[in-house]
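S.K.: Quick one: structure below, then a few questions.
The values are calculated or read from the model by the stated rules, or taken from the named source; none is laboratory data. On a predicted model such as this, the values are computed, not experimentally measured, just so you know. Glycine also receives a Cβ, built like all others from the backbone with ideal geometry; neighbour counts cover every protein chain displayed. Calculation scope for accessible area: heavy atoms of the full protein, side chains included, ligands and nucleic acids excluded. Shrake-Rupley method; radii C 1.70, N 1.55, O 1.52, S 1.80 Å.
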Amino acid sequence: MKKRFFSLLMIVGLLVTLSAETTVGGHIRMTLIDMADGESTINDTVYSDNSSSGMAFTELILYISHDLSDYVSIDMQPSWSASTSASPSFGKKIGEQLKSGRDVTNGWHGWVKAVVTAALPNGYDVSVGIVKPRFTWDYGAELFWEEVISGSKWSCNGNLGDMADTGIEVYKAFEFDSFSLPAYFYLLNGGSRFGDNNKTPMIMLHAEPEFGALKFLGSVASGKYDDDDEKSVFRYAFGASYTAGAFNIRSEVAGSTWEDKNTVNGTLEDDKPFGYYVHTSYALKPWAKLQFRYDFADNNGSDSGVGDETYTSIKPGLQLLVADGAAILVNYDIATRIRESSGSKLEYGRLIVGMRVTF
């Protein structure tokens with residue numbers, strides 16, 4: 001409680017100090033309807049059940065920007081969140097995972113981003129702090145915010161689409177006659193936002209070449225992940241996006257290799273998570289967009305908090321713009337999640353109607 005209070009007090013103090021020269025915005029996310037129905041397999045027993053939760057606040061992110069001079073600026077994104085545990089979970093009947101109103105976890109969540117940026121000669125920008133690397137479009141560029149209420153098991157996954165870290169970011173956009181090439185270089189802690197556990201930083205390269213309506217993405221990252229500074233990790237992501245009038249299709253592939261991180265029959269093996277998604281959309285009107293998404297993630301025995309899990313999801317959806325910066329999102333998730341080691345399986349359909357407001 002004291003930590004949350006002092007964090008909020010610090011932010012308020014910054015706003016008062018920076019006053020009128022500061023730009024403040026935000027992002028609010030909430031659910032209006034969240035209903036799931038399906039089967040959960042626990043110890044070879046199949047349970048058919050359902051769950052339902054109503055309106056709930058899920059997230060608030062503030063965007064605070066301030067120019068300290070013509071060449072130096074700061075960008076801070078503190079966040080608050082709440083979770084009702086509405087997503088069906090392994091080892092429980094569907095509905096058993098839901099928290100009651102008084103048990104909902106909520107409050108100060110942490111820093112999404114907090115950097116000092118210097119504009120250097122020849123179009124280079126250098127940022128230092130919690131940089132939130134642009135590893136993928138879906139998570140790094142936060143495109144899923146415009147499409148779904150909750151990020152997928154591919155996107156919000158520290159071995160696949162998600163990368164959040166402290167370090168140094170160097171950015172420059174190279175322009176050519178027929179295409180442009182935004183490029184990034186990162187020197188990162190390698191997995192921890194607030195402190196490193198070894199002497200070897202993670203090096204990451206990222207580029208997004210654009211040829212008119214066709215865009216590509218490529219990221220590679222390499223470093224050491226263990227306390228003894230001996231075991232290597234290599235991560236990669238590749239993507240493509242094409243837009244033709246009201247139609248867009250986007251896909252990304254991501255994977256990683258963690259040396260000697262997976263224990264199989266008492267023997268250490270490399271952990272090799274892999275996954276991809278395909279997202280398509282068609283704008284019926286400027287205020288109405290149809291969406292369809294397919295996700296696949298194989299966590300390959302990783303100990304990242306999701307276990308040895310395979311996940312597939314088919315998700316049709318609809319986006320309705322009700323005002324500038326305000327959208328109603330309707331998603332229906334047809335999901336299958338399997339953990340072979342425990343014999344657990346989830347098959348369910350989940351309807352989510354939510355609202356996102358950006359100001």
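S.K.: What FRET efficiency would be calculated for the residue pair residue 263, residue 45, taking the C-beta separation as r and a Förster radius of 30 Å, to the nearest 0.05?
M.R.: Details: r = 28 Å, r/R0 = 0.92.
In this case the efficiency is close to 0.65.
S.K.: Ok, one more. Using 0.36 nm per residue, how much length does the chain from residue 35 to residue 116 gain when fully extended, once their Cα-Cα distance is taken away?
M.R.: On the way: separation 81, 0.36 × 81 = 29.16 nm, distance 4.21 nm.
Full extension from residue 35 to residue 116 adds 25.0 nm.
S.K.: Sorted from largest down, give the three principal axis spans of the alpha carbons of region 279-359, whole angstrom values.
M.R.: 47, 24, 18
S.K.: When all protein chains stay in place, what accessible area (Å², nearest 10, 1.4 Å probe) is found for residue 285?
M.R.: 110
S.K.: Here's something else I'd like to know. Specify, per residue and in Å³, the volume enclosed by the convex hull of the alpha carbon atoms belonging to region 199-257.
M.R.: Residue-normalised Cα hull volume stands at 65 Å³.
S.K.: Find out how many positive minus negative residues lie around residue 300, taking Lys and Arg as positive, Asp and Glu as negative, among other residues whose Cβ is under 10 Å from that of residue 300.
M.R.: Its environment carries a net charge of -4.
S.K.: Mind putting a number on the dipole of region 269-341 about its Cα centre? Charges go on the C-beta only, +1 for Lys and Arg and -1 for Asp and Glu, and I need it in Debye to the nearest 20. The partial results should precede the final answer.
M.R.: Numbers: 7 positive and 11 negative charges, 145 e Å.
Using only the charged Cβ atoms, the result is roughly 700 debye.
S.K.: Shifting gears a bit: Counting only protein heavy atoms and a 1.4 Å probe, tell me what percentage of region 110-205's accessible area is made up of carbon and sulfur. Don't skip to the end; give the middle numbers.
M.R.: Numbers: 2430 of 4060 Å².
With neighbouring chains kept in place, the figure for region 110-205 is 60 percent.
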